[in-house]
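Asker: Take a look at the following structure, please.
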Amino acid sequence: MQSSKMSFKNMIVAPHHLAAKTGSDILKEGGNAIEAMIASAAMISVVYPHMNSIGGDNFWLISEKNNNITAIDSCGGVAKNASRDFYINQGYKSIPARGPLAALTVPGAVAGWKAAYDFSVKNLGGKLPISRLLYDAEQTANEGVAVTNTLKNNLNSKLKQLIDIPGFKDVYLKNEKIPELGDKILFPAMSKTFSNLIKNGLDDFYSGEISKDIISDLKILGSPLTESDFINYKSTFVKPLELKVKGAKLFNLPPPTQGVASIMILGVLENLNNVYDNDVSFIHNIVEATKVVFKIRDKYICDPKYMEKDVNDFLINDFIKDLSKNVDPNIAMPWPDAAVGGDTVWLGASDNYGNSVSFIQSIYWEFGSGLILPKTGITMQNRGVSFSLDKNHFNKLMPGRKPFHTIQPALAHFDDGRVLSYGTMGGEGQPQTQATIFSRYAYQNQNLQKAINEPRWLLGKTWGDETTSLKIENRFSSETIQKLKKTGHNIEIVDDFDEMMGHAGAIVRHSDNLVEGAFDQRSDGAAIGE
């Protein structure tokens, strides 16, 4: 089994090796973790275009050397013109999943880079210019990227949904055919966009030359987004969620993300017995903890301005203890009909100065709305399809409202001084995988790389999937699978190292400055340290 990468200086982890290399280069040049993350985030929007884009959103957790935690919410809200009547009057009973009408929320990604960059300059002594941080992304978009297996597979599975969406086939098809593994794809319009960001600054995305091009295309194509939606958008610094568990304090992003679910699962597990006895007990308890937590998530979590309860009420120890009583150690409860999916990239960085970053960026479904803007090459997200057109729904569509986000970066401070940055893509799988990786590392004392590469499971839907069964990689023993079936789990066997389990990653900084990094063999990623 492959072991973690180790260094006494720095570390970067990303689900594509070129994004990791870009971040590593920044760290070697003396950049800090935030600067490395901006560079990696820009690069991965080019080399993993099916998973994320600068037309999406991102969230940040920043842990400084002094252990101060800063959280950034860079999720865009609903266009002012995208009311319930806007869709109902056009004959829709739900928001279209693809195309211009699915592009109804402001992309927050670039604003997130800007907020983090300004924080870096003010608080971490950041000195590298934006021109350096975006250079690799600009050049790679112009020179072309090699098609990966995951990109090819997603094109194969989603082409029927996307081929008629404006701009899609012009970018991804050659002679009307899907490219093969290793073929080159060019993104000249995206390269120009990065050039303009370098020339004019990151604010140009919302109120400058780039913004004008974006709005011009959106108007022609029929999206409800307008100039004022972009001009008025700002990312926000928010108070991270916290929960103390055995040996560590957990951190995550508050709503509209499902970060509270990731923390609550670990809180519930702490109140259960015999969780770590064997694979059957481990899987069963995490799955059942997930079910009781998701019932809370699906009933309450949305834009915090519209929530009926304070999210911190769910992190009170007595509440979590009572919730854990709903977990039966021997019987699987029926799985609620949840339907949350998403495509995402998680990246982590730890620098020479003792700072760490846990970062996540997404366009929701694979290829987002599928809408690729011709002037800028930007793929617009479809995060807004998570809203309901039912006027009585707790997450009903309203102008300005933030959409529910499956994505959330995780971070933990251990009592012994270790800092763990970790996360994954994978829709509903994110809280489950985060809990699994943390538990394997913290409580089962597994090597960080092993904690990620060991066989995994996923309850419910994830990106590109249509079933809510308990999906289990076939590397688990037949005895484990049969025992899980006997407890009532609806098992679906999937491939070993199946991509639906997500592309996880983790970095641990020890108190003696040893840094460990681990990436997911299900991805095209890398962990690079100096």
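The values are calculated or read from the model by the stated rules, or taken from the named source; none is laboratory data. Just so it is clear, the structure is predicted and the values come from calculations on it, not from any experiment. Cβ placement follows ideal geometry from the backbone for every residue including glycine, while neighbour counts extend to all protein chains displayed. Ligands, DNA and RNA are excluded from the accessible area calculation, which covers all protein heavy atoms including side chains. Shrake-Rupley method; radii C 1.70, N 1.55, O 1.52, S 1.80 Å.
Asker: Using the Cα gyration tensor of the range 91-165, with a ≥ b ≥ c the square roots of its eigenvalues, what is the shape: rounded (a/c below 1.5), prolate (a/b larger than b/c) or oblate (neither)? The partial results should precede the final answer.
Answerer: Details: a/c = 3.48, a/b = 1.58, b/c = 2.21.
It is oblate, given that a/c is not under 1.5 and a/b is not larger than b/c.
Asker: Any idea how far the Cα center of the range 258-316 sits from the one of the range 131-184, in Å?
Answerer: About 37 Å separates the Cα centre of the range 258-316 from the one of the range 131-184.
Asker: Under 1.5 on a/c is rounded, so check that first for the range 275-357, then, if it is not, pick prolate when a/b is larger than b/c and oblate when it is not; a ≥ b ≥ c are the square roots of the alpha carbon gyration tensor eigenvalues.
Answerer: Details: a/c = 1.69, a/b = 1.24, b/c = 1.37.
Taking the square roots of the gyration eigenvalues as a ≥ b ≥ c, the range 275-357 is oblate.
Asker: Could you give the accessible area per residue of the range 73-176, probe 1.4 Å, as a whole number in Å²?
Answerer: Numbers: 4620 Å² over 104 residues.
Value for the range 73-176: 44 Å² per residue.
Asker: Please label the shape of the range 100-144 as rounded, prolate or oblate, based on the square roots a ≥ b ≥ c of the eigenvalues of the alpha-carbon gyration tensor (a/c under 1.5 means rounded; beyond that, a/b larger than b/c means prolate, else oblate).
Answerer: Values: a/c = 5.67, a/b = 1.28, b/c = 4.43.
Oblate is the answer for the range 100-144, as a/c is 1.5 or above yet b/c matches or exceeds a/b.
Asker: To the nearest 500 deg cm²/dmol, what mean residue ellipticity at 222 nm is calculated for the chain from DSSP H runs of n ≥ 4 alone, each contributing -39,500 (n - 2.57), summed and divided by the residues? Mind showing how you got there, number by number?
Answerer: Values: 18 runs with 185 residues, N = 530.
Computed ellipticity for the chain at 222 nm equals -10500 deg cm²/dmol.
Asker: Counting only the heavy atoms of the protein chains, how much of Leu272 is accessible to a 1.4 Å probe, in Å² to the nearest 10?
Answerer: 30
Asker: Another question, if that's okay. Multiply the residue gap between Tyr276 and Asp328 by 0.36 nm, knock off their C-alpha separation, and tell me the result in nm, one decimal place. Show your work: numbers first, answer last.
Answerer: Values: separation 52, 0.36 × 52 = 18.72 nm, distance 1.54 nm.
Contour length minus Cα-Cα distance gives 17.2 nm.
Asker: Residues with amide H under 5 Å of Gly505's amide H, sequence separation 5 or more or different chain, H placed in the peptide plane at 1.01 Å from N; which?
Answerer: Answer set, sorted by chain and number: Gly423.
Asker: Can you compute 3J(HN,Hα) from phi for each residue in the range 136-149, using the Karplus curve 6.51 cos²θ - 1.76 cosθ + 1.60 with θ = phi - 60°, rounded to whole Hz and x for Gly and Pro?
Answerer: Residue by residue, the range 136-149 yields 4, 5, 4, 5, 5, 4, 6, 7, x, 10, 7, 5, 8, 4 Hz.
Asker: For labels at Lys93 and Asp318 in the simple 7 Å Cα→Cβ model, what's the distance in nm?
Answerer: 4.5
Asker: Which value does Rg/Rh take for the range 400-463 over its C-alpha atoms, Rh per Kirkwood?
Answerer: Values: Rg = 13.4 Å, Rh = 13.0 Å.
Ratio value, two decimals: 1.03.
Asker: Using Cα positions and a limit of under 25 Å, work out the lysines in reach of Lys169, with same-chain residues fewer than 8 apart set aside.
Answerer: Filter leaves Lys152, Lys158, Lys160, Lys177, Lys184, Lys192, Lys212, Lys219, Lys375.
Asker: Between the DSSP loop rule and a limit of at most 13 other Cβ atoms within 10 Å, which GluC sites (Glu not before Pro) in the range 1-101 are left?
Answerer: Working: sites: Glu29, Glu35, Glu64; in loops: Glu29, Glu64.
Answer by residue number: Glu29.
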